[in-house]
């Protein structure tokens, strides 16, 4: 049985869970001097930044085939196989909710078999045929990996990704050795340590999936990493999961002891919430409702006011040394804000799941960094540095909305500036017209007075009268005497009278 409870949540709480979008994975490498006996290894380990989608899921990318086609997938510790939609599945609308398809062809390094295979999840099912191609992560060297090429998919309408990569202990369809994807990476010298780790944060892009190690900066105290033995069933197949044993679950005065054989938990990156067995869940919510202001939604979840601080939910596990370790989840970690209320991120396991009693999903993994070791068959847990105050979903606006507001603000500023410019220009035009009118009025006035404008007489009638007057006085106009009857007085215009 595989687990992908996020699909159930997506259909039940559409107001919170319908925005399941795929987010790219950006490569970041940590440099480390390789060990002497492993100098042929490509690198010690590789760190990738996972992108958080509304605290409901974490997505990354893989590269597939000789053409390095990129697919967005969920990295799921609760399942084992890689699956991708086929071309026919997408084009025939048999894979609704999935996006890209992989065209399995020899030219793309893919070999398709006639062996049918199907995978059943908590909600949803995929069916198709087994194929083999090269697969890589983080831009690293690819490995040959068998996978399920999906021809039909049911109940995946809200997943909004291209597929899923299982990170279980074994992969039953991957050849005779049934190697997991991570084991293949080790055997091909791509990473040194047969392990991977998750750090899930509250920010948009502060989460990490690390192949071959863990990031000590994401752990609150590296001296307090406690390892828990995986319960082995002797089978090298899909039935072997990252199963650890929980002895007690408590919540304030509520305490529930799990019996041996019915105390299996898995740390599952493919599940959004914490899921409890039906019996445990019924007793837990009965105590919750009886003692706190908690209410039930129409979808069967419970919620309370976000201002209410509920007690820690505690899980007690024995480590590899037989010491009991308590892992506490504060309400700030298991609250999911939705429409002004806080959903309690704890639910009942789907019916039909018998061999697992508790699923510690993303809520638990945000509180504790999780280390999965193939070499030692252990799951390590350590308090994370993740802080609920960094929850990017608490912002009333998404990044694209903020950008849109900025662009809109700049546009408004531009329009206002243009309008002010137009008004200023119109004002200048009015002032210029006013001055021109004033000048024209004055010009007309001076013309009426015979004032020389531009060096010319503008009143020809007055000019003629003055001209006749000076002629009558014997004034020389242009150097000639204009009064022949007065020869004794040669008056030269502009000169003293000679006489």
Mean Cβ count within 10 Å, highest first, over the residues of peptides 362-374, 381-393: 362-374, 381-393
Extension reserve of the residue 114-residue 290 stretch, reckoned as 0.36 nm per residue once the Cα distance is removed: 57.7 nm
Prolate/oblate/rounded label for region 288-423 (Cα gyration tensor, a/c 1.5): prolate
Equivalent-ellipsoid semi-axes of region 56-98, from the Cα gyration tensor, Å, largest first: 19, 15, 10
As computed over region 6-395, the Cα convex hull volume per residue (Å³): 141
Alpha-carbon Rg with Dmax, taken over region 114-235, Å: 16.8, 51
Calculated P(r) tail over 20 Å for region 53-167, as whole % of Cα pairs: 34
FRET E, pair residue 383, residue 232, Förster distance 25 Å, beta-carbon r, rounded to 0.05: 0.40
Label-to-label distance, nm, for residues given as residue 325 and residue 66 (7 Å Cα→Cβ offset): 4.6
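No lab work stands behind these numbers, since they all come straight from the coordinates. Bear in mind that the values here come from a model prediction, so they are computed numbers and not experimental data. All Cβ positions, even for glycine, are placed from backbone atoms using ideal geometry, and neighbour counts span all protein chains on display.
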